[in-house]
Amino acid sequence: MLKVTLDLSCNVCGSDQFMLPTLADDVQDVRCADCAAFKCKSDDLERAMSAVHQKVPARPGL
Ligand SMILES: [Zn+2]
């Protein structure tokens, strides 16, 4: 998991820091870094993740 600050706020505690899953993680959920409240699937944050990772994701079909 990767702790990042996003332009989002936790519905529970208002934190703007979230734990993002890496490609190696089995669970692809985004959770609040402070209270661990479920935020959303990482698919919804693909752009945020790509901005953080600065990596080319694995291509589908390879
Ligand atoms: Zn929270």
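Just so it is clear, none of the values below were taken in a lab; they were calculated from the coordinates. Note that the coordinates shown come from a computational prediction; the quantities given were computed from them, not determined experimentally.
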Original post:
residue 31's amide H: which non-local residues (gap 5+, or another chain) put their own amide H closer than 5 Å, with H modeled 1.01 Å from N in plane and none for Pro or chain starts?
Top reply: 19, 39
Original post:
Can you list the HN-Hα couplings for the stretch 9-23, worked out from phi with the Karplus curve (6.51, -1.76, 1.60; θ = phi - 60°), rounded to whole Hz and with x for Gly and Pro?
Top reply: 10, 5, 5, 9, 10, x, 5, 10, 10, 10, 9, 9, x, 8, 5
